[in-house]
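Any read-out appearing in this document is the output of simple, stated calculations on the displayed coordinates, not a laboratory observation. Source: prediction; values computed, not measured. FYI the Cβ positions are ideal-geometry reconstructions off the backbone, even for glycines, and counts take in every protein chain you see.
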Amino acid sequence: MKNNKFNIILKYFLTGTVFLLFAGFSSGQDESAPKPEIGIYERLGETIPNDIVLVNEYGQQVNLKSLITKPTIFSLVYFRCPGICSPLLNGMTKTIDKTDLEPGKDYNIITMSFDQNEGYQMAAEKKENYLDQLEKKIPVDSWRFLTGDSLNVRKTADALGFKFKREGEDFIHGASIMVVSPEGKIVRYLYGTDYLPFDFKMAVTEATEGKVVPSISKIVKMCFSFDPEGRRYVLNVTRIAGAGMLVLLGVFVVFLNIKKKKNKINSK
């Protein structure tokens, strides 16, 4: 009788869980829905193309791949940004000061403007500004500030999985830095505008070894769905509830099995 009751409970529990999971995941993976035009789409394991030509802070054309000679931190911003670009670069300067790794020796940094209308003069001004902010004195060429035409800027952004959209005089975009190995392979993404020194150091170390590390964004994408009208990610309660029920189910089954074994032992 007890076994029958257990089987009935388990049956309904599994049915409810499967239903919630199916509803949640199908709502988040509608192939016919338009894909958002902004955000970070991880290109882990992919390599920076060889044919991208940008302009450095001295007004010289440079092949982007030729600048990647050691682990390299990429940040994509635009210099006139009234929003998160300045906090992102400020966060980078703080992290550079706090870590015991040395730019120019252990890693390099490349900051590129994705606004094709910004020239190398503005890049040079920004570079001087951020180098002055650093407490740590670093080699001038260990942090490059680049600009470029629309084609090469777009190639770079696409290669790094950085999607942005112009809106009037400004842009809508996300905030992330990308870590690339000396061979130009994308190995890690760090999100937001502040970075823990430990995470930063680990990312550089992993890049040195060419080790690709998925980020927490995979979990975030499971828990959130993109709202194209509001242009933001919203919490997917159904999907989280289904995942939670699966966890509870696992605990429930383990508990009953342990209880069943104890009863057998006590009955002997």
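Laid out as a table, the results:
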item	result
Net charge, Ile110 excluded, C-beta distance under 12 Å - Lys, Arg +1, Asp, Glu -1	+2
For Val53, Val179, order by how many other beta-carbon atoms lie within 10 Å, fewest first	Val53, Val179
Ranking of Asp194, Asp100 by count of other Cβ atoms within 10 Å, fewest first	Asp100, Asp194
Mean-position separation - Cα centroids, segment 159-187 and segment 58-84, in angstrom	10 Å
Segment 39-225 - share of DSSP beta bridges that are antiparallel (%, nearest 5)	65 percent
Around Arg144: net Lys/Arg minus Asp/Glu count, Cβ-Cβ under 12 Å	0
Charge sum, other residues only, whose C-beta stays under 13 Å from Ile48's C-beta, Lys/Arg counted +1 and Asp/Glu -1	0
Residue order, fewest to most surrounding Cβ atoms within 10 angstrom, among Tyr195, Tyr41	Tyr41, Tyr195
Reference-scaled alpha-carbon Rg (2.2 N^0.38 Å with N residues) for segment 39-225	0.95
